[in-house]
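Visitor: The following block contains the structure, expressed as structure tokens.
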Amino acid sequence: MSSKNNTEAIAESIRDIQNFPKKGIVFKDITPILSDIDLFRLSIDSMSKPFMKQNIDVVVGIESRGFIFGTPIADKLNAAFVPIRKPGKLPCSTEKIEYELEYGTDRLEIHRDAIRPDERVLVVDDVLATGGTAEATCKLVEALGETVVGIAVLLELEALQGRERLQGRRVES
């Protein structure tokens, strides 16, 4: 199967769910990828490949679907995995950030001791929409003194122009 066909197979398996989680939002349902081991492996390989020679020390996965992709990507890159969580989910001292997303505001947290200074970090999530969550995650990681090498997402909603908020950052989708 060619690379273009692989990308098409992944894209075609993502379902649009209208008015979820709120009216006017089109939710991108990735569960068909998760339930097909070949598509899931293909997705992990595709998301990992651009960063294979980037000496990534830590992959941070954004709650919750970033966990699904981030953990196997960390394994492929021989890197540690650190979760970025919603408020109140981490038991130790945390660094926090509040940010805007396409349908409101939210907050993210990371354990302050989860990443050592000067480690090279890859941010992983499922979808890049407005870029707010990815931007906030990068700022959160950088507040701890780390270097964000890039951002890997399964799907980019180009119409929402999220990449513009991430100018100067490497984004692979």
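Visitor: Which pairs have Cβ atoms under 9 Å, sit 6 or more apart or on different chains, and link a residue in segment 103-116 that is closer than 19 Å to Leu160 by Cβ and at pLDDT below 95 to one that is assigned to a loop (DSSP other than H, G, I, E, B) and open to solvent by 40 Å² or more (accessible area, probe 1.4 Å)?
Guide: The qualifying pairs are Tyr103/Pro21; Tyr103/Lys22; Tyr103/Gly24; Gly104/Lys22; Asp106/Lys86; Asp106/Pro87.
Visitor: So how many residues does segment 110-163 have that are out of contact with any helix residue (DSSP H, G or I) (no Cβ under 8 Å at 6 or more places or on another chain), crowded, with 19+ Cβ neighbours inside 10 Å and part of a strand (DSSP E or B)?
Guide: Going through segment 110-163 one residue at a time, the tally reaches 0.
Visitor: May I pose another question? For segment 52-86, which positions are farther than 17 Å from Leu42 by Cα, open to solvent by 50 Å² or more (accessible area, probe 1.4 Å) and in a loop (DSSP other than H, G, I, E, B)?
Guide: Across segment 52-86, the qualifying residues are Lys53, Gln54, Asn55, Asp57, Ser64, Asn78, Lys86.
Visitor: Let me ask another. Could you check Ile68 against (1) over 21 Å from Glu146 (Cβ atoms); (2) over 15 Å from the mean Cα position of the chain (by Cα) and say which number it fails?
Guide: Failed condition: (2).
Visitor: Confirm whether Lys22 is out of contact with any strand residue (DSSP E or B) (no Cβ under 7 Å at 6 or more places or on another chain), at pLDDT below 95 and farther than 16 Å from Glu156 by Cα.
Guide: The answer is yes for Lys22.
Visitor: For segment 50-83, enumerate the residues that are β-branched (Val, Ile, Thr), over 25 Å from Asp106 (Cβ atoms) and free of Cβ contacts under 8 Å to residues at least 40 places away in the same chain.
Guide: none
The values are calculated or read from the model by the stated rules, or taken from the named source; none is laboratory data. All values derive from a computational prediction rather than experimental measurement. Heads up, the Cβs are rebuilt from the backbone with ideal geometry, glycines too, and the neighbour counts pull from every protein chain shown. Remember, those area values only see protein heavy atoms, side chains included, never the ligands or the DNA or RNA. Shrake-Rupley method; radii C 1.70, N 1.55, O 1.52, S 1.80 Å.
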